[in-house]
Amino acid sequence: MLKKIDHIGIAVHSIEEARGFYEQGLGLCCERIEEVESQQVRTAFFSLGETHIELLEPMSGDSPIAGFLKKRGPGIHHIAYLCDDVVQQLAQAKAEGYRLINEEPVQGAGNKRIGFLHPKSSHGVLTELCEKS
Ligand code: ZN
């Protein structure tokens, strides 16, 4: 079962350049910066009530974020929903005929188990399911 929107992921060329907008422009606090090696991405989390803004910066040209920036430029990259059980949630989407990017959960930022649904299946919005670590 889905619990809430956990975070909104925003692709940026540089966290150092983009964070000023969230900190000075909006008055949010950067909670942490974390590198996710498996995705070749550096992330910065800003708290906002029960949800977060996640800035995503590519760590290399191989990063999926590098590909996204090249194709679409900076902007909203994904929406992440917190759920009880990522495995069950992915299986449910698959059983209903929706395309998955991750058949099995992978490790995301904050040590969370995550899995993505393909944007072709979700009307253009890359959808992340995540589970509390
Ligand atoms: Zn995310």
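The values are calculated or read from the model by the stated rules, or taken from the named source; none is laboratory data. Everything quoted here is computed from the prediction, not taken from an experiment. Cβ atoms come from the backbone with ideal geometry, glycine included; neighbour counts cover every protein chain shown. These accessible areas exclude ligands, DNA and RNA; they are computed on the full protein's heavy atoms, side chains included. Shrake-Rupley method; radii C 1.70, N 1.55, O 1.52, S 1.80 Å.
For the chain, which whole-number percentage of the solvent-accessible area (1.4 Å probe, protein heavy atoms only) is attributable to carbon and sulfur atoms?
Percent of accessible area from carbon and sulfur atoms in the chain: 53.
Among residues other than A109 whose Cβ falls under 15 Å from its Cβ, what is the net charge (Lys/Arg +1, Asp/Glu -1)?
Its environment carries a net charge of -4.
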Item to complete: Compute from the Cα atoms of the chain the Rg and the Dmax, the latter being the longest Cα-Cα distance, and quote both in angstrom.
Response: 14.4, 45
Worksheet item: Using 13 Å as the cut-off for backbone N distance, which residues of the range 68-98 belong to the label zone defined by a point 7 Å from the Cα of E17 along Cα→Cβ?
Response: 69-70, 73-75
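Roughly how many Å² is the accessible area per residue of the chain, as a whole number, for a 1.4 Å probe?
The answer is 56 Å² per residue.
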Worksheet entry | Efficiency of FRET between S47 and S122 - r from beta-carbon atoms, R0 30 angstrom, step 0.05 | 0.70
Worksheet, complete the sentence: With -39,500 (n - 2.57) per DSSP H segment of 4 or more residues and division by the full residue count of the chain, the 222 nm estimate, nearest 500 deg cm²/dmol, is -5000 deg cm²/dmol
Worksheet item: Considering only DSSP beta bridges whose two residues both sit in the chain, what percent are antiparallel, to the nearest 5?
Response: 75 percent
Item to complete: Within 10 Å, count the other beta carbons around each residue, average over each peptide in 81-87, 93-99, 61-67, and list them highest first.
Response: 81-87, 61-67, 93-99
Item to complete: Please list, in chain and number order, the residues 5+ apart from E35 or on another chain whose amide H is under 5 Å from its amide H, with Hs placed from the backbone.
Response: T43
